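Every number in this text was worked out from the coordinates using simple rules, so none of it is lab data. Quantities reported herein were computed from a predicted structural model and do not represent experimental measurements. Cβ atoms come from the backbone with ideal geometry, glycine included; neighbour counts cover every protein chain shown.
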Amino acid sequence: MKSAKQIRNDFFEFFKNHDHKFIRSAPVVPYDDATLLFTNAGMNQFKNIFLNLEQPKVPRAYNSQKVIRVSGKHNDLEEVGKDTYHHTFFEMLGSWSFGDYYKKEAIRWAWELFTDVWNIPKDKLYATVYKNDDEAFNLWLSETDIPRDHVLRFGEKDNFWEMGETGPCGPCSELHIDVGGTEDIHGSDPERGVNTDNPRFMELWNLVFIQNNRDENGKLTELPAKHVDTGAGFERIVAYLQGKTSNYETDLFTPILEHISKLTGVPYHPEDGAAHRVIADHIRMLTFSITDGALPANDGRGYVLRRILRRAARFGRTLGINSAFMHQLVPTVVDIMGDTFPELKERTDYVARVIQSEEESFSKTLDRGIEIFQNLVDETRTQKIDALPGEAVFKLYDTYGFPADLTRLMAEEEGLTVDMDDFEKRMAQQRAKARSAHQFKHQQTSGGDWTEVTTGEHSRFIGYEKTESMVHIRHYQMHNDKMVVVLDETPFYAESGGQIGDTGVIRNDALELKVTDTQKDGDRILHYVEIMRGDFEQINGEPLQALVEAERRQAVKRNHSATHLLHAALRKTLGDHVKQAGSLVAETHLRFDFSHYKKVGEEELKQIENLVNEEIRLNARTSVALKSFDEAQQAGALAFFGEKYGDEVRTVKFGDFSFELCGGTHVDATGDIGSFRITSESAIAAGVRRIEAVTGAGAEALNRRDRDVVQELRHLLNCEVTDLPQRVALLATEKHELEKQVKALQFHQMAASLENLITEAEKVADFKVVSSVIQVSGMDELKDAGSALMDRLGSGVGVLGAVMDGAPYVVCVVSQDLTAKYKLKAGDIVRKLGQQLGGGGGGKPNLATAGGKKPEKLEMVIAGVKSLVEQEVQ
Ligand code: SER
């Protein structure tokens, strides 16, 4: 039996032998396509080539792409676990022609690989074509020996492939297989089996003939060239070739299932193994997506991860495992897949930790949620309805973190449905709030409408060597309300890899353009300009001087090089799990986001800052080299998640300290950075920290500011710098002491005035009644005054009032003998006083307080205390 590795390798070898070049899988998190949450097809990374925004580096390519299909146009989540061949994460074996060969070769090669290399029986295969694609239909008959009645036509839904709402697309032709089995619905009419839910028939390979683009208005346009984009479901092919009826019984999954059985003590039985399958599927999705930089969160991509994790955790419970367990499966996934996707090996620990902490936090809410769910189910049954109301689903989601699809699944197990429409309505309101946090815009491309000025090659970047050059305008256009020019060559750096775009001027005698930003679009470098002098109408092919704002660029360079040093210092100090998750290299500062699961401590920060400054002092020369990606990786260069394919990569090295792939601009030697200072450290998501820092003049300015502050303090406190902390500590102690003394004095004074009040007290029956408005600064003080009065009063009633923060308050004390003799209670008295003050109050029989809203009534209320007490004792 062939192993999955061998089968993958067969595919690779086959296309290699047909002059295709290996281009490694893009990350599952598409860093440069805002229209996608996850990479959902092998062609995603080639989108710009198909749209003619980028020139292909090779005419033919192949790989195995890591794909996630849980959202948007291609969403298989609901099927996962129920059946044995849908996955949230899977590998898609792909081959591509970029404007090179077309349908004929694609069809011939697909057939050859399936029937010659893998010996799949010809009479088990079915080919489908788009309804009016006669060309493909005939090619199947002329180029292959597929049985004639096995070529079938289908419509838009099955045979027109689109990557999303917008983007490259085209008619497709698929190969399906009849895996056999007992269902006999195909009989003399094979179409009834292909493209139905009949598990006998399975799609294995999709050959897409990319020739159209769908724009934001849904309109289809022809692309300038025709391309081939094929994708074959690896797991399904492996299952078939290994003679299995389930993907889960292949060597891609069995070790994971065995591990799950070991952890749960429940062996896997295909008949009732949904829980095992879901967990095995989901752990692969989580491992790959977290490795590529995604993290569980409350919205967008992160929420998809959270849902998947919770779904799996809950299935774990059905297998009797209540504690965090999935993180333990990560190494098993890495064992199986790590050779093919080496990035997994680098981040195993990190991924496991992220999953564990997410599992632990979910576990806390899960028990309670399950209980609530059961109650909701019972209620629904009592009311004799068979759908859980949307409100219930929403409550479970909102309060107990139950993703709706989890609730639906649990409801299904109880034989119930859920009112998703109502749930969605409630979600819509919630989402409106979250929307600002995560905006998915359709990518703007500047396909047409360029006004040509000169012709020839464009956008050659020459800004590594110089910041000034004579250039020609190739073409220009209005782009999102801004004027954009493209040059033949340019010293302006276009924003990328976190480094901001250059600014400056482009000018000659006739024209002066202020460059406010520089951006990339496909293989164009766009200069956003404002016209300072001259007129675009008269623009001609005359040369212009392009001048980058050099000081700004210099500052950016310092920050960029420092970012690399910081990255290296973080890894040295905190460990190799630290990986870049994002960065901003601006003129004023730098920002670096990285994976790390706890706060970076004060001491660690100091150490990191020191390491960077040491490297700056070593003044290592920067060495930049172009290498193949593999060569660079073997040499140990760090690559960022978002790195794209390409034969050659640029590596930037500072001494033995830092070595990264990078297209940005850098200082000539580390000493140019001047100095480095960290300004903040914070959390930006679970498992991701952010450090901000300044360099060069920025660091100096900050140092000077601090020195000025210290200087001022020194003058104010009249001491040496080194004595400052002690001085300030002393002042604080002294202040505390003085406050205590003031308090004591105030109390003393108050006690004295209470004595006066008592001496002047009026009598009711045989006891004293004291009432007065006093000055206090807080409720505690008022109560203290009340207690002090009680201690001194003997037999009597006392009421003290005060206005604090514009509101009236009273405290009332009643001596115990009076409560016994007259049933007088402080609580009763304050309730009445409170009412008069427009509020209320209460408390114990001997001491109670009240407050109100009418400070102007306080004097009168206090004056009326005596008559109130008189009434009480009658
Ligand atoms: N893009 C096509 C698919 O995803 C073929 O690779 O099915």
Q: Putting +1 on Lys and Arg Cβ atoms and -1 on Asp and Glu Cβ atoms, find which of Gly522, Val70, Ser680 reaches farthest to the positive end of the dipole of the chain.
A: Ser680
Q.
Could you tell me the relative contact order of the stretch 483-604? Use alpha-carbon pairs under 8 Å, at least six residues apart, and round to a whole percent.
A. 22 percent
Q: State the dimensionless ratio Rg/Rh of the stretch 621-761 (Rg: radius of gyration of Cα atoms; Rh: Kirkwood radius).
A: 1.39
(Q) Name the residue from Leu113, Ile370, Ile531 whose Cα lies farthest towards the positive end of the charge dipole of the chain, charges +1 on Cβ of Lys and Arg and -1 on Cβ of Asp and Glu. (A) Ile370
(Q) Along its three principal axes, how long is the chain when you only count alpha carbons? Whole Å, largest extent first please. (A) 122, 81, 53
Q | Prolate/oblate/rounded call for the stretch 5-119, Cα gyration tensor, a/c under 1.5 rounded | A | oblate
Q) Can you give me the Cα centroid spacing of the stretch 53-112 and the stretch 327-379 in angstrom? A) 27 Å
Q | Gain in span if fully extended, Asp367 to Met779, counting 0.36 nm per residue against the direct Cα distance | A | 144.0 nm
(Q) Give me the dipole magnitude in Debye, nearest 20, for the stretch 191-289 about the Cα centre, with unit charges on the beta carbon: positive for Lys and Arg, negative for Asp and Glu. (A) 80 debye
Q: Quick one: grab the alpha carbon gyration tensor of the stretch 775-847, order the square roots of its eigenvalues as a ≥ b ≥ c, and give me rounded if a/c is under 1.5, else prolate or oblate depending on whether a/b is larger than b/c.
A: oblate
**Q.** Shape call, the stretch 173-292: gyration tensor on alpha carbons, a/c limit 1.5
**A.** oblate
Q: Could you grab the relative contact order for the chain? Cα pairs under 8 Å, six or more apart, rounded to a whole percent.
A: 7 percent
Q. Using the alpha-carbon centroid of each, what span in Å lies between the stretch 804-828 and the stretch 677-739?
A. 51 Å
Q. Quick one: what do you get for the stretch 125-237 if you divide its Cα Rg by 2.2 N^0.38 Å?
A. 1.13
Q.
Based only on other Cβ atoms within 10 Å, what is the fewest-to-most ordering of Phe234, Phe154, Phe11?
A. Phe154, Phe11, Phe234
Q.
With the cut-off at 32 Å, tell me which of the pairs Lys122/Lys157; Lys82/Lys364; Lys5/Lys47; Lys783/Lys854; Lys57/Lys599; Lys520/Lys598 have Cα atoms farther apart than that.
A. Lys57/Lys599; Lys520/Lys598
Q.
List the residues, sorted by chain then number, that are 5 or more residues from Leu388 or on another chain and whose placed amide H is less than 5 Å from its amide H.
A. Thr417, Val418, Asp419
(Q) Please report the spacing between the Cα centers of the stretch 553-591 and the stretch 484-545 in Å, no decimals. (A) 28 Å
Q: For Lys763, go through the lysines and keep the ones whose alpha-carbon is under 18 Å away, minus same-chain ones fewer than eight residues off.
A: Lys821, Lys823, Lys825, Lys866
Q: Report, in debye and to the nearest 20, how large the dipole of the chain comes out about its Cα centre when Lys and Arg carry +1 and Asp and Glu carry -1 on their Cβ.
A: 2440 debye
Q. Quick one: if the Förster radius is 45 Å, what FRET efficiency do Met532 and Leu618 give, using the C-beta to C-beta distance and rounding to 0.05?
A. 0.55
Q) For the residues Val803, Val393, Val70, what sequence is obtained by ranking on other C-beta atoms within 10 Å, fewest first? A) Val803, Val70, Val393
Q. Taking N as the number of residues in the stretch 275-431, what is its alpha-carbon radius of gyration divided by 2.2 N^0.38 Å?
A. 1.11
Q | Rough spin-label spacing in nm, given labels placed 7 Å along Cα→Cβ, for Trp118 and Glu13 | A | 1.5 nm
Q: Restricting things to alpha carbons, find the Rg to Rh ratio for the stretch 451-535 using the Kirkwood radius for Rh.
A: 0.93
Q: Please report, to two decimal places, log10 I(q)/I(0) for the stretch 688-757 at q = 0.13, 0.25 Å⁻¹ as given by the Debye formula with identical point scatterers on the Cα atoms and no solvent.
A: -0.66, -1.02
Q) Which one of Ala275, Thr196, Ile260 is farthest out on the positive end of the charge dipole of the stretch 179-292, using unit charges on Cβ (Lys, Arg +1; Asp, Glu -1) and the Cα centre as origin? A) Ile260
Q: Using the number of other C-beta atoms within 10 angstrom as an exposure proxy, rank Met860, Met750, Met779 with the fewest first.
A: Met860, Met779, Met750
